[in-house]
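What follows is a single structure, written as structure tokens, with notes after it.
Nothing in this text is a laboratory measurement; each read-out follows from the coordinates by a stated rule. Predicted model, so just to flag it, every value in this text is computed and none were measured. As a convention, Cβ positions derive from the backbone with ideal geometry for all residues, glycine included, and neighbour counts pool all protein chains shown.
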2 protein chains.
Amino acid sequence: MKDKPFLTPKQEKVLNFIRKRIGERLPPTIREIGEELGFKSTGTVRDYLKALMQKGLVRRMNSKSRAIELTERASFNKIPIIGTIMAGKPNLAYEEIQGYVDADDLFLGRLGFDDVFALRVKGDSMIDAGILDGDIAVIKKRPDANNNDIVAALLDNNEVTLKRLRNKAGKFHLEAANANYPPIFEEFKVIGKLITVIRKY
Amino acid sequence: MKDKPFLTPKQEKVLNFIRKRIGERLPPTIREIGEELGFKSTGTVRDYLKALMQKGLVRRMNSKSRAIELTERASFNKIPIIGTIMAGKPNLAYEEIQGYVDADDLFLGRLGFDDVFALRVKGDSMIDAGILDGDIAVIKKRPDANNNDIVAALLDNNEVTLKRLRNKAGKFHLEAANANYPPIFEEFKVIGKLITVIRKY
DNA sequence: TGACAAACCACACAAATGTGTGGTAATATG
DNA sequence: CATATTACCACACATTTGTGTGGTTTGTCA
């Protein structure tokens, strides 16, 4: 299923343009898409839209102008909640999506949403940093981070954990924000950096 | 300035319909507005749009279908941040708006946004509840609340504070989530209930 | 080689949509 | 009373936008 890419490069460009326009508030017309992508015929654009519809990424209403909708799967303004942190290795694919956080603006500013995702926090290891069990942690994917950043890190046992990154004499380790949890000195890989926490009562 | 209402009832209906449609993802066409409101002429709708534009609530692009935008002031998906909690009495009018939180979906579900607002948290009195200085507290207006709810309350000295509501032997008082702050037994009025916390790093 | 799909284009046409002019009626304002 | 203002309607018309048919080219697969 993944031997042939799900979307051709051009299809992805079309989809991204639609995402961008919807993000900017107005879905594009067929001709606007064509103009942007350099297609000289509206028929071409319709072929692309047909393909995107068949792949379940886009919905349309007949004969209505700009009536292009993204399905939840394709939406740009939804950050997928891809797993529960501490509960194992979250799969960064779409299989394990538990829901979506709307990120339209939300004080994230305009991010490249390609590299943002969210995890539900499990446990109390970051409680002293004001991050509680059940909170949504919005993470920006980055392989690096700075001292004192709170990061999502992949441990050797394939667990993902949210901890504070510390630099002690040039060597990085992870620290909980809870005296009951010891620091982690084992091998780990930084997945991304915490940028937002959302808690719902 | 407030003797004559800012919007006539019909103008408000038009605006609300536009809000609704934008919330549902596609701004309406002129004819769709007319249909909804029972206007038989497109000219009528244009008169209303002109009025809304003059009042600074709506922006349009000429000759483009559905190209109706709400200005930030009129937007439904933005929860106004109306003040800093603990820093005095927030004015529930539009004068003191510091910014907006996008609430489109954001796990708030679909609320009646009329009665939701946000405050920026100042101080550490709720730190043990995981609410830190600088967090955005999203509040749903309600005159009542239950025991143990975290509420925004108006104190006698006209300060607004975020505290946990406690019921001791039938009498309500307010409690900080920080041992350094004593409980508050003086008179207060519950403004609303905390429903969401957002923190940006 | 033949069949097929992906990736385009040209156009004609119909439907949707925005623009503009010119009204009427009721009510308020000075 | 004259003049705005609000609140509409009727149409004609210009644009924008979506639909549909019929191509060409390129590459893949059998």
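Listed values, structure above:
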{"quantity": "Cα-based Rg / Dmax (Å) for segment A:9-72", "calculated": "10.5, 30"}
{"quantity": "Distances in nm from A:Asn146 to the matching label points in the other copies, shortest first (labels 7 Å along Cα to Cβ)", "calculated": "4.3"}
{"quantity": "Whole-Å distance, taken between Cα centres, linking segment B:178-195 and segment A:15-36", "calculated": "48"}
{"quantity": "Copy-to-copy label separations for A:Asp133, where each label sits 7 Å from Cα toward Cβ, in nm and ascending", "calculated": "2.9"}
{"quantity": "21 Å Cα-Cα threshold exceeded, pairs from A:Lys20/A:Lys193; B:Lys163/B:Lys193; B:Lys55/B:Lys140; A:Lys200/B:Lys140", "calculated": "A:Lys20/A:Lys193; B:Lys55/B:Lys140"}
{"quantity": "7 Å along Cα→Cβ, label-point gaps from B:Asn62 to other copies, nm, shortest first", "calculated": "3.6"}
{"quantity": "Cβ charges +1 (Lys, Arg) and -1 (Asp, Glu), total dipole of segment B:9-72, debye", "calculated": "120"}
